[in-house]
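Participant: Would you mind keeping the following structure in view while I ask a few things?
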Amino acid sequence: MEYFKILENEIAQHTVEGSNDRIYFDFHKNRFKRLDAFLDRLSSERAGGGHQLKVLEIGSHYLHSSILLASRSFEVDAMDVEEFWNLDFVKERADRFGLNPLIENDISRLVNFQQVKDRYDLVVFTEIMEHITFNPIKFWKLIYQMLKPGGTIYISTPNALALPNYFRALKNLFGFKSIGITVDDIFSKVTYGHHWKEYSAKEIKHYFRSMSSDFDVEVNPYQYKSYDLKPPYLMFKLLSKIGNKTGLFADDLEVIVTLKEKSRWEINEPKY
């Protein structure tokens, strides 16, 4: 918790009025605590390894997760699009915590990483997997190339089987309204890619094992959003509470992918 306190203090002391920094942190606070707990375990497992852990965070955003990493004396490459790295408070925060800024406006290409091999002990990829709108094989092949054998990919992503979404999908289907993401969802959010595809735990295991049997995949259901059981959206909140007690229908998934070795990449990109 000492590292999470460092993050909380940063938010308390350096949040810029008018930015979404505080709002985003407050909404995702329990997710950051979950990552913090994982990093505690990782640090214990790697203790005595004799080298500083090298980490790539893809989608570093307001640098909340990067602070948890850098506070542990990990060497952190924080990657995001230039819109975030053009924010003055993000640049100042990177300087305070010794983060290495990396601008990548198209993660489908990762042009700065084509020749990078066996560099990273950990890749952090939170709240992004559901936004990918391109064929991801080349992207993950590059991550496989950049990871050291024995390295880890840490992912958080919404659960496709989250109970409120499950009932919402059935309601829209049987009401002949829509299948999948709605027009209102598309129009209401600023994003490079909406939640075009959310995954179940079973799908995520299939996803990574299809690419390489070198991947060992652990998926843990959890929730980070908390709701008071009162209007508005009382039914949504009640379904969320019930689903989170079941595991299978929980709101979110924590995915820990370990690259056991590098022996074989098993899938090729489709041809045009």
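The values are calculated or read from the model by the stated rules, or taken from the named source; none is laboratory data. Small disclaimer: the values here were computed from a predicted structure and weren't measured. Counting neighbours? That spans all protein chains shown, and the Cβs are built from the backbone with ideal geometry, glycine included.
Participant: Sort out which residues of segment 38-50 are at pLDDT 95 or above and surrounded by 13 or more Cβ atoms within 10 Å (Cβ to Cβ), and write them in order of number.
Facilitator: Passing the criteria: F38, L39, D40, L42.
Participant: Please specify each residue of segment 118-154 satisfying the condition of being in a loop (DSSP other than H, G, I, E, B) and buried (at least 19 other Cβ atoms within 10 Å of the Cβ).
Facilitator: Those that are in a loop (DSSP other than H, G, I, E, B) and buried (at least 19 other Cβ atoms within 10 Å of the Cβ): none in segment 118-154.
Participant: Out of everything in segment 96-117 that is over 30 Å from N9 (Cα atoms) and among the aliphatic types (A, V, I, L, M), what residue ends up being surrounded by the fewest Cβ atoms within 10 Å (Cβ to Cβ)?
Facilitator: V111
Participant: Quick check on my filter: what residues within segment 88-106 are touching a Lys or Arg at 6+ places or on another chain (Cβ under 8 Å) and not hydrophobic (A, V, I, L, M, F, W, C)?
Facilitator: Matches in segment 88-106: P101 only.
Participant: Working carefully through the options S213, S188, S178, S226, find the one that is small (G, A, S) and within 19 Å of E254 (Cα to Cα).
Facilitator: None of the others qualify; the one that does is S226.
Participant: Counting only residues that are surrounded by 14 or more Cβ atoms within 10 Å (Cβ to Cβ) and closer than 24 Å to I179 by Cα, how many does segment 207-243 have?
Facilitator: Summing the residues that are surrounded by 14 or more Cβ atoms within 10 Å (Cβ to Cβ) and closer than 24 Å to I179 by Cα in segment 207-243 gives 7.
Participant: Can you find even one residue in segment 49-65 that is touching a residue at least 40 places away in the same chain (Cβ under 8 Å), of a type in the set (S, T, Y), within 18 Å of E254 (Cα to Cα) and part of a helix (DSSP H, G or I)?
Facilitator: Yes, the conditions are met somewhere in segment 49-65.
Participant: Step by step: first the residues of segment 184-206, then only those that are at pLDDT 90 or above, in contact with a helix residue (DSSP H, G or I) (Cβ under 9 Å, 6 or more places away or on another chain) and not acidic (D, E), then the one that is surrounded by the fewest Cβ atoms within 10 Å (Cβ to Cβ). Which residue is that?
Facilitator: K197
Participant: Regarding S73, is this residue among the small types (G, A, S), surrounded by fewer than 15 Cβ atoms within 10 Å (Cβ to Cβ) and without any contact (Cβ under 8 Å) to a residue 60 or more places away in the chain?
Facilitator: Judged against the criteria, S73 is a match.
Participant: Considering only segment 215-251, how many residues are over 21 Å from the mean Cα position of the chain (by Cα) and closer than 30 Å to W265 by Cβ?
Facilitator: The qualifying residues number 0.
Participant: Among (1) closer than 29 Å to G48 by Cβ; (2) among the acidic types (D, E); (3) outside any loop (DSSP other than H, G, I, E, B); (4) over 17 Å from the mean Cα position of the chain (by Cα), there is one condition E92 misses while meeting the rest; what is its number?
Facilitator: (1) is the only condition that E92 fails.
Participant: Please specify each residue of segment 207-238 satisfying the condition of being assigned to a loop (DSSP other than H, G, I, E, B) and modelled with pLDDT of 95 or more.
Facilitator: Selection gives S212, S213, D214, Q223, Y224.
Participant: Test L69 against the stated conditions and say whether it is under 21 Å from I143 (Cα atoms), modelled with pLDDT of 95 or more and out of contact with any helix residue (DSSP H, G or I) (no Cβ under 9 Å at 6 or more places or on another chain).
Facilitator: Spelling it out, it is not the case that L69 is under 21 Å from I143 (Cα atoms), modelled with pLDDT of 95 or more and out of contact with any helix residue (DSSP H, G or I) (no Cβ under 9 Å at 6 or more places or on another chain).
Participant: Confirm whether K29 is touching a Pro at 6+ places or on another chain (Cβ under 9 Å), in a helix (DSSP H, G or I) and surrounded by fewer than 21 Cβ atoms within 10 Å (Cβ to Cβ).
Facilitator: no
Participant: Does segment 159-182 include one or more residues that are within 19 Å of L56 (Cα to Cα), touching a helix residue (DSSP H, G or I) at 6+ places or on another chain (Cβ under 7 Å), buried (at least 16 other Cβ atoms within 10 Å of the Cβ) and touching a residue at least 12 places away in the same chain (Cβ under 8 Å)?
Facilitator: No.
Participant: Select from segment 249-272 the residues that are more than 21 Å from E127 (Cβ to Cβ) and among the hydrophobic types (A, V, I, L, M, F, W, C) and write down the one among them that is surrounded by the fewest Cβ atoms within 10 Å (Cβ to Cβ).
Facilitator: Among those that are more than 21 Å from E127 (Cβ to Cβ) and among the hydrophobic types (A, V, I, L, M, F, W, C), it is I267.
Participant: Let me spell it out: the conditions are (1) part of a helix (DSSP H, G or I); (2) touching a residue at least 12 places away in the same chain (Cβ under 8 Å); (3) within 17 Å of D252 (Cβ to Cβ), and K202 meets all of them except one. Which number is the exception?
Facilitator: It is condition (2) that K202 fails.
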